[in-house]
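Structure, as structure tokens:
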Amino acid sequence: MYHKEKSIQIKNSASALYNNLSVLRIAPRRLTHFTVVHANMVNMVSASWDGLNYTHRQLQSKEPNVATSTSLIMQAAFCVLPSRDLLVLTSQKGIQMYESDGSIMVYWHALDTPETPTGKHTAFRYNCFTRVSSGAFLVFDVPSKGSNITLSEVLEEHKESITDMASECSGSQECIANLVTADDDGNLCVWKSGEEFQLLNKIPGFDMSCSSVKLWKGTVVAGYGTGQIRLYEAVTGILHAEINAHARWIYSVDVAPFSGLLLSAAEDSLVRVWHMTINPDTNSVEVAHLHNECVTDTQICGAKFCDGDGYAFAVTGYDLSEIIRYIQS
């Protein structure tokens, strides 16, 4: 179903972080941006769709009054807003927001002040998220242009470190729930975002970390340290499916919203592709396995589809200085 394409070389290897790959497709320019975290640095590559041109950029963590920061970056994520795309870096010391090509830093928010304790998860209205390390997350209002970004809300529902969060990826306006957050105990909080965030449901995690989460057509897709994937109805918490997907810890799951393809990647060196469909008679989600890829002797730490249909996907591995790409045959 998929075959391997030419890999993209990066300046530094990937750190062993959950979801350590972010992808942004820029259709008007026929470009795709990739980011991978290495220690206190983010490797960014902009690749043309014809595979002929690559532009590299490195972004470093920053601290007030420090020329060269050693603060570790916990995640780099592209945030797609209604009228703007941003690249957001979350480090041990603060949050850095850049224009999507990484050229200009438009905002800095320190995380070591009494008002905002060190290590919070960050959210942006509508659709922009980035991972950090404690049980709260910050909500920012972002204008359509400029740097007048403001902190508007702090939500503290989780008791353990937040591992991942995601918005409704299908673009459906019919879904009541449009945001899900996950923590180190595997607990899931389902939210309705807006002028004020409303907690709709809490799904217990049974003391096993949920490392990666997605939200598709009202269904929460969660990957766990057990190697399992669970699919829940977001608002009710009903379990649609439980899949013994991997032999080791899952580091990343992703969904191609237009096709319902599901991507999972784990420490067992395997990347698997699944297909989700909604049964019209029962309104439940059914899952079928489609494809495997093995990245030999590699602890996979990031995997993302490169487009909304799942035509291609990319993979990163701990200590690898390349982004491995696969495309449908």
What's the number of the only condition in (1) over 18 Å from the mean Cα position of the chain (by Cα); (2) assigned to a loop (DSSP other than H, G, I, E, B); (3) not basic (Lys, Arg) that residue 59 fails to meet?
(2)
Near pairs, Cβ below 7 angstrom, 6+ apart or cross-chain, from region 240-269 (in a loop (DSSP other than H, G, I, E, B)) to any residue that is open to solvent by 10 Å² or more (accessible area, probe 1.4 Å) and aliphatic (A, V, I, L, M)
246/270; 268/247; 269/295
Filtered residues of region 228-242 (kept if open to solvent by 50 Å² or more (accessible area, probe 1.4 Å), within 22 Å of the chain's Cα centre (by Cα) and of a type outside the set (Asp, Glu)):
235
Within region 79-105, tally of residues that are in contact with a Ser or Thr (Cβ under 9 Å, 6 or more places away or on another chain), buried (at least 19 other Cβ atoms within 10 Å of the Cβ) and part of a strand (DSSP E or B):
11
When you look at residue 320, is it open to solvent by less than 50 Å² (accessible area, probe 1.4 Å), closer than 13 Å to residue 21 by Cβ, not charged (D, E, K, R) and not in a strand (DSSP E or B), yes or no?
yes
Candidates 144, 172, filtered to the one that is of a type in the set (Ser, Thr, Tyr), in a loop (DSSP other than H, G, I, E, B) and at pLDDT below 90:
172
Within region 30-61, which residues are touching a residue at least 40 places away in the same chain (Cβ under 8 Å) and within 14 Å of residue 6 (Cβ to Cβ)?
32, 34, 45, 51, 54
Does residue 85 fit the bill of being under 13 Å from residue 44 (Cα atoms) and in contact (Cβ under 8 Å) with a residue 60 or more places away in the chain?
no
Do the conditions hold for residue 206, that is, is it touching a residue at least 12 places away in the same chain (Cβ under 8 Å) and on the phi > 0 side of the Ramachandran plot?
yes
Applying the selection to region 277-310, what residues are more than 19 Å from the chain's Cα centre (by Cα) and in a strand (DSSP E or B)?
277, 278, 285, 286, 287, 288, 289, 290, 291, 292, 293, 294
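The values are calculated or read from the model by the stated rules, or taken from the named source; none is laboratory data. Everything quoted here is computed from the prediction, not taken from an experiment. Cβ sites come from the backbone with ideal geometry, for glycine too, and all protein chains shown count toward neighbours. The area values use the complete protein model at the heavy-atom level, side chains included, leaving out ligands, DNA and RNA. Shrake-Rupley method; radii C 1.70, N 1.55, O 1.52, S 1.80 Å.
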